[in-house]
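Following: one structure in structure tokens, then a few remarks.
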Amino acid sequence: MKIHEYQARELLSNAGVPVPSGEMVQTVEEAVQATEALLAGGDSLVVIKAQVHAGGRGKAGFVKLVRTVEEAREAAGFMLTNRMVSPQTPPEGLEVTRLLVAAGVDIESEFYLAITVDRSRGTNTLIASAEGGVEIEKVAEETPEKIIKEPLDPRLGLQPWQARKIAFAVGFKGKQVNQAVKTMLSLAALFENTDASLVEINPLIVTPADEDNPDGRVLAIDAKFNFDDNALFRHKDIAALADPLEVVEAERRAEEFGLSYVSLDGNIGCLVNGAGLAMSTMDIIKLHGGEPANFLDVGGSATEEAVTEAFRIILADDKVQGVLVNIFGGIMQCDTIAKAIVSSARAVGFSVPLVVRLEGTNVEEARRILEEARDELPTMHPASELTDAASLVCSAVAVAG
């Protein structure tokens, strides 16, 4: 699960990481009022940022620095009435309904700081770089030596000596070091306590020196959090931060019924049970020249109602020109799938080729159900093997196309 930047800033602030003041707004007038408050409080620069689950906001024109109320009104008006298009959004872009209005700060230097799961080592790992403010993927590709990785002990977590080592390695100096160490330790505790899969500050900045801060201040001015969906039952407060407008409608419906759904770019819908079977099904479709339209896993305990909803989700996708059902019945019984196929035919109808391959628990009963419903399933083609099923659906889609 992802959250917005304004929510990430609040989590960081509550954990003791210093962030500039700011608030989330949803209208132009609210943006103007928030800007007026910051300017009246002594800030001379205000930043307005679109709140969407995609990067590339700055280059797309959805991060603006303003110094007057009039500039804030213009910036907020543009963002709330235009869709944001960047390399990380769909071609049609994303609608912007929320903005972050925050105090702008002068920047002397920028750093990158994150904690994520390193599956190759089997540990959480702190990642830091002096190349903050840019895409870390680009840094990793072009200058990997500028990225420092520090594995964390599963029992002890990030230790102060490790944080100090990282702080010196990326170039913090003087009183900046203790500030950076405190930020790293707070970030590590937040990562652990919220069952996050990624916490990222980019950039973590140092402000110019002033009388009160002779070495400048270390501040987090942009943040990204991802959380483990499987652990959200332990964190009702985190789960409540989810923005339903940022979730694809089909994925939201699937989640409500306990299904796993991911939309892809092809034209063959896949209904399977088990992630491994889903991957092999998509692979064999591609082997036969087809392209999967989705990854839809009904799991091992889905009800007939849930499986029927799965078919509704697949058939609601205009790209789908054929459907392959590949079920290996273990806990999931084949007759449940067969009944759901018939229910779906009655509820929404199959106007595209439907290839069904069933094996396992109650398969004979499932085949009987489908055979008796032949008149309601005019586009159905039964298959006994996965290779035959993939060949059938790819050929049928090619003919239909």
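Key figures for this structure:
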{"item": "Test: Ala240 is modelled with pLDDT of 95 or more, on the phi < 0 side of the Ramachandran plot and out of contact with any helix residue (DSSP H, G or I) (no Cβ under 9 Å at 6 or more places or on another chain)", "result": "no"}
{"item": "Residue that is nearest to Ala347 (Cα to Cα), among those in segment 276-293 that are in contact (Cβ under 8 Å) with a residue 40 or more places away in the chain and outside any helix (DSSP H, G or I)", "result": "Gly290"}
{"item": "Test: Gly349 is in contact with a strand residue (DSSP E or B) (Cβ under 6 Å, 6 or more places away or on another chain) and either surrounded by fewer than 20 Cβ atoms within 10 Å (Cβ to Cβ) or farther than 17 Å from Phe311 by Cα (or both)", "result": "no"}
{"item": "Filter result for Gly77 (more than 23 Å from Lys224 (Cα to Cα) and at pLDDT below 95)", "result": "no"}
{"item": "Residue in segment 251-275 that is surrounded by the fewest Cβ atoms within 10 Å (Cβ to Cβ), counting only those that are in a helix (DSSP H, G or I) and more than 17 Å from the chain's Cα centre (by Cα)", "result": "Glu256"}
{"item": "Subset tally (residues that are in a loop (DSSP other than H, G, I, E, B) and either hydroxyl-bearing (Ser, Thr, Tyr) or crowded, with 18+ Cβ neighbours inside 10 Å (or both)) for segment 6-18", "result": "2"}
{"item": "Matching option when the condition is over 29 Å from Glu372 (Cβ atoms), touching a residue at least 40 places away in the same chain (Cβ under 8 Å) and either small (Gly, Ala, Ser) or not assigned by TED's automatic domain parsing to the domain that holds Ala390 (or both), among Gly266, Gly299", "result": "Gly266"}
{"item": "Residues located in segment 91-130, provided they are of a type outside the set (Gly, Ala, Ser), surrounded by 15 or more Cβ atoms within 10 Å (Cβ to Cβ) and within 30 Å of Gly42 (Cα to Cα)", "result": "Val96, Thr97, Arg98, Leu99, Leu100, Val101, Val105, Ile107, Glu110, Phe111, Tyr112, Leu113"}
{"item": "Ala169 being over 26 Å from Ile238 (Cβ atoms) and hydrophobic (A, V, I, L, M, F, W, C)", "result": "yes"}
{"item": "All positions within segment 198-227 that are surrounded by fewer than 19 Cβ atoms within 10 Å (Cβ to Cβ), within 17 Å of the chain's Cα centre (by Cα) and not basic (Lys, Arg)", "result": "Leu198, Asn226"}
{"item": "Positions within segment 350-361 being touching a helix residue (DSSP H, G or I) at 6+ places or on another chain (Cβ under 7 Å) and not in a loop (DSSP other than H, G, I, E, B), in sequence order", "result": "Val355, Val356, Arg357, Leu358, Gly360"}
{"item": "One residue from Ser44, Ser13 being within 20 Å of Val206 (Cα to Cα) and at pLDDT below 95", "result": "Ser44"}
{"item": "Flag if Val363 is under 30 Å from the mean Cα position of the chain (by Cα) and either farther than 19 Å from Ala254 by Cα or among the β-branched types (Val, Ile, Thr) (or both)", "result": "no"}
{"item": "Residues (surrounded by fewer than 16 Cβ atoms within 10 Å (Cβ to Cβ) and either part of a loop (DSSP other than H, G, I, E, B) or touching a strand residue (DSSP E or B) at 6+ places or on another chain (Cβ under 9 Å) (or both)) located in segment 19-29", "result": "Ser21, Gln26, Thr27"}
{"item": "Among the candidates Glu376, Glu364, Glu372, residue that is of a type outside the set (A, V, I, L, M, F, W, C), out of contact with any helix residue (DSSP H, G or I) (no Cβ under 6 Å at 6 or more places or on another chain) and more than 27 Å from Gly258 (Cα to Cα)", "result": "Glu372"}
{"item": "Test: Ile331 is crowded, with 23+ Cβ neighbours inside 10 Å and either β-branched (Val, Ile, Thr) or under 30 Å from the mean Cα position of the chain (by Cα) (or both)", "result": "no"}
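The values are calculated or read from the model by the stated rules, or taken from the named source; none is laboratory data. Only a predicted model underlies this, so the values are computations on that prediction, with no experimental measurement involved. Positions of Cβ are backbone-derived with ideal geometry, glycine not excepted, and every protein chain shown enters the neighbour counts.
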